[in-house]
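Engineer: Take a look at the following structure, please.
The values are calculated or read from the model by the stated rules, or taken from the named source; none is laboratory data. Not measured: the values here are computed from a predicted model. Positions of Cβ are generated from backbone atoms using ideal geometry, with glycine treated the same way; all protein chains shown enter the neighbour counts. SASA here: full protein model, heavy atoms, side chains in, ligands and nucleic acids out. Shrake-Rupley method; radii C 1.70, N 1.55, O 1.52, S 1.80 Å.
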Amino acid sequence: LSFHLPCDSAARAVGADLSAQALADAAVRRGLGVEIRRNSSRGLYWLEPLLELDTPQGRVGFGPLTAEQADSVLGAVLGADGQHPLALGLLESLPYLAGQQRLLFARAGLTRPLSLDDYLDHGGYRGLAHALELGEEGALDCVLESGLRGRGGAAFPAGLKWRTVREAAADRKYVVCNADEGDSGSFADRMLMEGDPFLLIEGITIAALAVGASRGYIYVRSEYAAAAATLEQALAIARQRGYLGPDLRGSGRELELEVRLGAGAYICGEETSMLESLEGRRGEVRAKPPLPAVSGLFGRPTLVHNVLTLASVPTILARGAPFYRDFGVGRSRGTMAFQLAGNVRRGGLVERGFGLSLRELIEDYGGGCASGRPVKAAQVGGPLGAWLRPEQFDTALDYEAFAAVGAMLGHGGVVVCDDSVDMARMARFAMRFCAEESCGKCTPCRIGSTRGVEVIDRLLAAGDAAERGRQWSLLRDLCETMRHGSLCALGGLTPLPVLSAARGFPADFGLDPAIVE
Ligand code: NAI
Ligand code: SF4
């Protein structure tokens with residue numbers, strides 16, 4: 001019998017290691033020889049630990065598998081009909097998976113993260129091979145044509161950034177992968193690094209070759225210890241097999257990649273703070289220009305991209321720009337890894353071409369609130385994202401459609417709340433978060449966020465409507481100042497969750513709907 005059980009840290013957090021041990025023990029007791037492969041997670045997190053069994057029809061699943069149930073599942077597998085309360089049937093037929101368009105996460109759940117052979121057997125390094133055939137300009141053109149935009153949140157066209165770095169003259173260039181995934185509700189970067197590290201390494205390699213970089217860093221937040229350890233091992237394997245180092249794959253090109261750990265600051269996900277941190281200084285935002293693409297790490301041209309942007313590149317090179325462009329809508333091309341979290345029945349990873357609605361994501365995939373209560377709101381794009389009301393859930397998940405309703409898609413994290421949540425407290429939390437995480441460089445953010453908490457407190461404590469109106473007016477003005485006067489997105493975007501919460505849910509603030517518009 002050949003089983004698969006994820007080694008992903010989210011699966012381990014809910015007991016995957018104990019379940020694996022219990023299954024192995026149960027097999028010994030029954031005198032059975034079983035193989036339990038620790039593969040990556042499929043991202044169906046509400047089913048973790050998700051046990052899979054190879055059958056002639058495909059993989060069948062059992063989940064969530066507690067250690068206590070391991071023996072009975074084994075019994076069911078050995079029985080005539082395989083029936084068990086945890087039985088899920090064929091994994092590929094589960095609607096949650098069957099409806100997805102997995103390019104980034106095509107190997108999720110199928111391969112062992114640190115097996116380069118598994119990676120190669122599942123199409124790995126075909127992108128690099130094609131990039132080497134196309135040459136540097138050809139590879140860059142392919143990414144430009146694909147329409148790929150930065151997946152960290154800002155959605156800047158990746159190919160244009162590559163062109164800027166490539167055309168900058170310098171003795172050395174860098175590529176830096178931003179793996180400081182700090183948004184609430186997001187976990188796709190972590191899942192990818194833990195589950196398919198060679199995909200990221202291949203993506204960085206193609207990008208580095210195309211822009212002329214010879215050194216690269218993967219800046220991983222320190223909370224992602226398992227991802228960092230996996231990457232370190234994967235880098236060593238890639239180096240050993242000639243996929244990194246001098247003369248990689250006989251191309252005559254050199255690339256060295258290293259992992260660097262952050263130290264727990266949200267602002268180090270902002271690209272210039274991250275560069276400061278990489279250079280050994282305190283994570284503080286640098287004024288732009290110069291853009292990192294022109295003068296970045298150690299003053300050299302630097303290609304900075306989020307994990308998912310770089311991990312999209314091998315598929316684009318392997319299958320061609322037209323294939324990739326075929327997914328998505330409008331100017332949002334390709335697929336996006338949406339991450340469903342918070343109070344949601346079926347939390348997990350949903351990779352689809354841009355264009356499905358937020359409602360499809362929360363209701364069809366997510367199944368509504370885990371508490372069984374009605375959904376009150378969803379925050380899309382991290383702690384700096386807008387709160388959307390259920391009436392807005394038909395908005396298509398694409399960059400432009402979200403911008404049109406005053407929201408942002410960001411990194412694709414979605415946090416769902418039920419009707420017991422007080423949105424005034426969530427608005428206060430956003431200001432408090434900004435005050436905690438501000439790098440302190442500019443006044444609107446450093447001082448404004450602290451004043452913002454105070455104004456919200458006064459608004460909520462106000463005894464009459466006139467005083468509430470005065471405080472609301474102050475809050476609105478303060479938000480305007482933060483929006484226009486902040487140096488970076490932390491101070492600039494904090495007004496988004498604050499104002500969207502107040503405008504969407506004025507009753508929670510004791511405000512008259514007529515004055516919040
Ligand atoms: P931005 O719009 O200033 O820049 C986006 C990227 O494009 C940067 O790498 C920038 O250097 C580059 N760029 C801009 N113009 C360019 C040009 N002409 N040539 C070459 N490159 C150019 O946005 P920023 O401040 O880097 O990011 C803000 C976003 O970050 C927000 O929208 C938010 O969604 C997201 N965010 C993501 C988080 C996460 O955990 N993934 C956390 C917090 C914010
Ligand atoms: Fe620093 Fe905040 Fe200013 Fe950004 S907005 S530079 S985090 S003080």
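Engineer: List every residue pair whose Cβ atoms lie under 8 Å apart, where the two residues are 6 or more positions apart in sequence or sit on different chains, the first residue falls within the stretch 339-354 and is under 10 Å from residue 367 (Cβ atoms) and touching a residue at least 24 places away in the same chain (Cβ under 8 Å), and the second residue, located anywhere, is among the aliphatic types (A, V, I, L, M) and open to solvent by 10 Å² or more (accessible area, probe 1.4 Å).
Structural biologist: From residues that are under 10 Å from residue 367 (Cβ atoms) and touching a residue at least 24 places away in the same chain (Cβ under 8 Å), the pairs are 344/370; 345/370; 347/341; 347/370.
Engineer: When residues of the stretch 117-148 are filtered for being among the charged types (D, E, K, R) and open to solvent by less than 20 Å² (accessible area, probe 1.4 Å), how many remain?
Structural biologist: Of the residues in the stretch 117-148, 1 are among the charged types (D, E, K, R) and open to solvent by less than 20 Å² (accessible area, probe 1.4 Å).
Engineer: Something else about it: Being of a type in the set (A, V, I, L, M, F, W, C) and within 16 Å of ligand 1 (Cβ to nearest atom) is the filter; apply it to the stretch 477-497 and report the residue that is farthest from residue 182 (Cα to Cα). Walk me through it before giving the result.
Structural biologist: First, the residues of the stretch 477-497 that are of a type in the set (A, V, I, L, M, F, W, C): 478-479, 482, 487-490, 493, 496.
After this cut, where a residue has to be within 16 Å of ligand 1 (Cβ to nearest atom) as well, the list is 482, 487-490, 493, 496.
Values: 482: 21, 487: 19, 488: 15, 489: 13, 490: 12, 493: 15, 496: 17 Å.
The qualifying residue farthest from residue 182 (Cα to Cα) is 482.
Engineer: Could we say that residue 190 is modelled with pLDDT of 95 or more, within 16 Å of residue 307 (Cα to Cα) and more than 16 Å from ligand 2 (Cβ to nearest atom) here?
Structural biologist: Yes, satisfied.
Engineer: What number of residues within the stretch 212-236 are in contact with a Ser or Thr (Cβ under 9 Å, 6 or more places away or on another chain) and either in contact (Cβ under 8 Å) with a residue 40 or more places away in the chain or among the acidic types (Asp, Glu) (or both)?
Structural biologist: Residues flagged as in contact with a Ser or Thr (Cβ under 9 Å, 6 or more places away or on another chain) and either in contact (Cβ under 8 Å) with a residue 40 or more places away in the chain or among the acidic types (Asp, Glu) (or both) within the stretch 212-236 amount to 6.
Engineer: Out of contact with any strand residue (DSSP E or B) (no Cβ under 6 Å at 6 or more places or on another chain), free of Cβ contacts under 8 Å to residues at least 24 places away in the same chain and in the same structural domain as residue 183 (by TED's automatic domain parsing): which single residue out of 264, 250, 320 fits that description?
Structural biologist: 250
Engineer: Taking the stated definitions as given, is residue 251 at pLDDT below 95 and in contact with a helix residue (DSSP H, G or I) (Cβ under 6 Å, 6 or more places away or on another chain)?
Structural biologist: Taking the combined requirement at face value, the residue satisfies it.
Engineer: Mind checking which helices (runs of 4 or more DSSP H) fall wholly inside the stretch 169-265 and carry at least 2 residues that are open to solvent by 20 Å² or more (accessible area, probe 1.4 Å)?
Structural biologist: Once the helices (runs of 4 or more DSSP H) in the stretch 169-265 are filtered for at least 2 residues that are open to solvent by 20 Å² or more (accessible area, probe 1.4 Å), what remains is 225-240.
Engineer: For residues in the stretch 408-441 being more than 25 Å from the chain's Cα centre (by Cα) and open to solvent by less than 30 Å² (accessible area, probe 1.4 Å), which is nearest to ligand 1 (Cβ to nearest atom)?
Structural biologist: 440
Engineer: Looking only at the stretch 296-307, count how many residues are more than 8 Å from ligand 1 (Cβ to nearest atom), touching a residue at least 24 places away in the same chain (Cβ under 8 Å) and open to solvent by 10 Å² or more (accessible area, probe 1.4 Å).
Structural biologist: 2
Engineer: While we're here: If I ask for residues that are open to solvent by 40 Å² or more (accessible area, probe 1.4 Å) and aliphatic (A, V, I, L, M), which ones from the stretch 378-407 would you list?
Structural biologist: 403, 404, 405
Engineer: Moving on to the next point. What about residue 452, is it within 13 Å of ligand 2 (Cβ to nearest atom), open to solvent by 10 Å² or more (accessible area, probe 1.4 Å) and not hydroxyl-bearing (Ser, Thr, Tyr)?
Structural biologist: no
Engineer: Another question about this same structure. So, of the residues in the stretch 280-295 that are open to solvent by less than 40 Å² (accessible area, probe 1.4 Å) and not small (Gly, Ala, Ser), which turns out to be farthest from residue 263 (Cα to Cα)?
Structural biologist: Residue satisfying both the conditions and the ranking: 292.
Engineer: Which one is farthest from ligand 2 (Cβ to nearest atom) among residues in the stretch 483-517 that are modelled with pLDDT under 95 and among the aliphatic types (A, V, I, L, M)?
Structural biologist: Ranking the qualifying residues of the stretch 483-517, first place goes to 514.
Engineer: Out of 467, 480, report the one residue that is more than 15 Å from ligand 2 (Cβ to nearest atom) and either under 25 Å from residue 271 (Cβ atoms) or out of contact with any strand residue (DSSP E or B) (no Cβ under 8 Å at 6 or more places or on another chain) (or both).
Structural biologist: 467
Engineer: Follow-up. Condition (residue is more than 16 Å from ligand 1 (Cβ to nearest atom) and closer than 24 Å to residue 272 by Cβ) applied to the stretch 453-468: is it met by at least one residue?
Structural biologist: no
Engineer: Quick one: which of 112, 107, 102 is charged (D, E, K, R), surrounded by fewer than 18 Cβ atoms within 10 Å (Cβ to Cβ) and within 30 Å of residue 239 (Cα to Cα)?
Structural biologist: Of the residues listed, the single one that is charged (D, E, K, R), surrounded by fewer than 18 Cβ atoms within 10 Å (Cβ to Cβ) and within 30 Å of residue 239 (Cα to Cα) is 112.
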